[in-house]
Amino acid sequence: MEAVIKKAVHVLSRDGLVVYPTETIYGLGADALSEIAIYKVYEAKQRPMGKPISVAVSDIEMIHGIAYVDEFAERFISKFLPGPVTVVLPVKNCLPSDLTGGTGTIGIRYPDHAVALSIIAELDSPITATSANISGEISPVSSDQVNVAHDFLIDGGVLPGTPSTVINLAERKIERPGAMLEEIAAFLKEER
């Protein structure tokens, strides 16, 4: 697996696109600090520019590096991440603006998957965390369902397929129900 991680990092460091497994679905990864790579993601997905794209990180420090984290967000993150949750936080200006779609926020995944975490840690940079499919089509749970252009694909077998729950931590509201929904809803109720 080490050679696969190295190849993925090599591709990413040259603005390439990597399809990688997570604990939910296959993601399309690109260097989240590269405007060229981000443009390739929009192009591959046929996604309209201006529609935000989430990023994936490999540790809590990386979250703090790209977003503003208040005490409530800190409690939420320590309870639910890594895991199948996308947290939406106010973004710092280190990320290309195309990722945020002008919202001032960024969706962040901290996946609970060894391959995804190894790639991000080795690259030492966040990568895009969007499904490896053409916009509006089925999110891929197996490598044969991936229908976007890419430079390298890591086959992680058949994945669970339940999308991450998206929660806006600044507004304390669930934007898209998905995995761990009941636990997240209970946490929000307790914190009110």
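The values are calculated or read from the model by the stated rules, or taken from the named source; none is laboratory data. Model, not experiment: these values are computed from the prediction. Neighbour counts are summed over all protein chains in view; Cβ atoms, including those assigned to glycine, are modelled from backbone coordinates with ideal geometry. Protein only, heavy atoms only, side chains kept; ligands, DNA and RNA dropped before computing areas. Shrake-Rupley method; radii C 1.70, N 1.55, O 1.52, S 1.80 Å.
Which far-off residues, 5 or more places away or on another chain, put their amide H under 5 Å from the one on ALA67, with H placed in the peptide plane?
LYS92
Using the heavy atoms of the protein chains alone and a 1.4 angstrom probe, what is the accessible area of the chain per residue in square angstrom? If you can, show how the numbers build up before the last one.
On the way: 8750 Å² over 192 residues.
Using a 1.4 Å probe on heavy atoms only, each residue of the chain averages 46 Å².
Can you pull the one-decimal nm distance between simple spin-label points at ALA149 and ARG75, each 7 Å off the Cα toward Cβ?
4.7 nm
Within the chain, what percent of beta bridges assigned by DSSP are antiparallel, to the nearest 5?
The antiparallel fraction comes to roughly 70 percent.
On a full-extension model of 0.36 nm per residue, what is the gain between LYS92 and VAL158, subtracting their alpha-carbon distance, rounded to one decimal in nm?
My answer for the length gained is 20.2 nm.
So how much slack lies between ASP15 and PHE187, counting 0.36 nm per residue of separation and subtracting their Cα-Cα distance, in nm?
Residue separation times 0.36 nm, minus the Cα-Cα distance, leaves 58.1 nm.
Take the Cβ-Cβ distance between ARG176 and GLU43 as r, set R0 to 22 Å, and report the resulting FRET efficiency rounded to the nearest 0.05.
So the FRET efficiency works out to roughly 0.35.
Of THR162, THR105, THR86, which has the largest mean-square fluctuation in a 10 Å C-alpha GNM of the chain?
Top of the fluctuation ranking is THR162.
Students often get this wrong, so try it: which of (1) 66, 42, 28; (2) 54, 47, 28; (3) 45, 34, 32 is Cα extents along the principal axes in Å as calculated from the structure shown?
Only one option fits the structure, namely (3).
How large is the helix-only mean residue ellipticity at 222 nm for the chain, computed as the sum of -39500 (n - 2.57) over DSSP H runs with n ≥ 4, divided by its residue count, in deg cm²/dmol to the nearest 500?
Numbers: 7 runs with 64 residues, N = 192.
That comes out to -9500 deg cm²/dmol.
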